1. Quick one: which residue in 5, 58, 62 is within 30 Å of residue 195 (Cβ to Cβ) and not in a loop (DSSP other than H, G, I, E, B)?
2. Where the second residue is of a type in the set (Asp, Glu) and assigned to a helix (DSSP H, G or I) and the first is closer than 17 Å to residue 48 by Cβ and assigned by TED's automatic domain parsing to the domain that holds residue 11 and lies in region 60-74, which pairs have Cβ atoms under 9 Å and are six or more apart or on separate chains?
3. Would you be able to say whether some residue in region 157-168 is closer than 20 Å to residue 6 by Cα, in contact with an Asp or Glu (Cβ under 9 Å, 6 or more places away or on another chain) and surrounded by fewer than 22 Cβ atoms within 10 Å (Cβ to Cβ)?
4. Across region 116-136, which residue is nearest to the chain's Cα centre (by Cα) among those that are over 25 Å from residue 203 (Cα atoms) and surrounded by fewer than 22 Cβ atoms within 10 Å (Cβ to Cβ)?
5. Just to verify a result, which residue in region 138-150, among those that are surrounded by fewer than 22 Cβ atoms within 10 Å (Cβ to Cβ) and farther than 21 Å from residue 179 by Cα, is modelled with the highest pLDDT?
6. For residue 219, indicate whether it is touching a Ser or Thr at 6+ places or on another chain (Cβ under 9 Å), in the same structural domain as residue 272 (by TED's automatic domain parsing) and of a type outside the set (D, E, K, R).
7. Kindly evaluate residue 209 against the criterion of being within 21 Å of residue 119 (Cβ to Cβ), exposed (fewer than 13 other Cβ atoms within 10 Å of the Cβ) and not aliphatic (A, V, I, L, M).
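The values are calculated or read from the model by the stated rules, or taken from the named source; none is laboratory data. Worth saying up front: this structure is predicted, and the values here are computed from it rather than measured. Ideal geometry is used to build each Cβ from the backbone, glycine not excepted, and the neighbour counts take in all protein chains shown.
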Amino acid sequence: MDNRGEVREFLTSRRAKITPQQAGLPAAGHRRVKGLRREEVAMLAGVSAEYYARMERGNLSGTSEAVLDSLARALQLDESERAHLMDLARTASTTRRPARRRTAQPVRPALQQLLNAMTEAPAFIRNGRLDILATNRLGKALYWPLFQDPARPVNMARYQFLNPGAAEYMTELDQQRAAAAALLRTEAGQDPHNRELSDLIGELSTRSEDFRTLWAAHNVRLHHTGLKRFHHPAVGDLTLTFEALPVPTDPGLTLTALSAEPGTPSADGLKLLTSWAAIHDQPYQPDNEPTSDRHATHQPAPGA
């Protein structure tokens, strides 16, 4: 990513979201810009208009954390947006490095053992690129449609934006896509030199207009908990709560587990899915080369 361009577009997009009324400023007279003016942001952040203009031109190099905190307050950034601003500033203050390919990050046997011990909850481990690196049996059963896509490694964003079956499987696909784009934008701020991540973003931008639109919004997100709704081809509708937990010993990996409220149709659906998984489960061997033109053997369709 071009750090200066990222900084410029992020700050401009956040400034456009704040109205004078929201900032506690008078809104008298005709305004040519959407949201706040640069000089208004500078005043709210306690810096000179020239200094803020320098930042919005994309130059965060050497900016102190105190100034960044003031800017985050002026722009009313949420937790994920503030973290993204700090990531961009950190990148701006480090020596620029060429994009590089990463050695595949294996999932430690102890983590796979932990997943396997979770027999009543779908669970999986992903990286920041949204590749699914490991699952338990129920996790693979829940995300079965993703494993039928021949592209490897199994990638949640690629499936959501490029697979025509995603709209039927994910009943709130628009929200899922928005979350995926925001997570990728967040990861790009944290790891701007990741070649595999850049390749995925380039592929999605080329092939999906919806992704291009969401990417241009510069939204970021921390994805810790919430609801996911599915229409599973074997068991029907499921509404599940998820918890996404970073793995402290393996930076960059996140363990996600899902569950259903007891006594609900979704809880019954998970029990049925457990029985279905016992019949159809096959070990997942992820292809760690993140290219979309590699193909895995097609697995039997649900119910086969």
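1. Sole residue among the options that is within 30 Å of residue 195 (Cβ to Cβ) and not in a loop (DSSP other than H, G, I, E, B): 5.
2. Every condition considered, the pairs that remain are 74/40.
3. No: zero hits.
4. Across region 116-136, the extreme among qualifying residues is 121.
5. Here the residue is 148.
6. yes
7. Numbers: within 21 Å of residue 119 (Cβ to Cβ): no; exposed (fewer than 13 other Cβ atoms within 10 Å of the Cβ): yes; not aliphatic (A, V, I, L, M): yes.
No, not satisfied.
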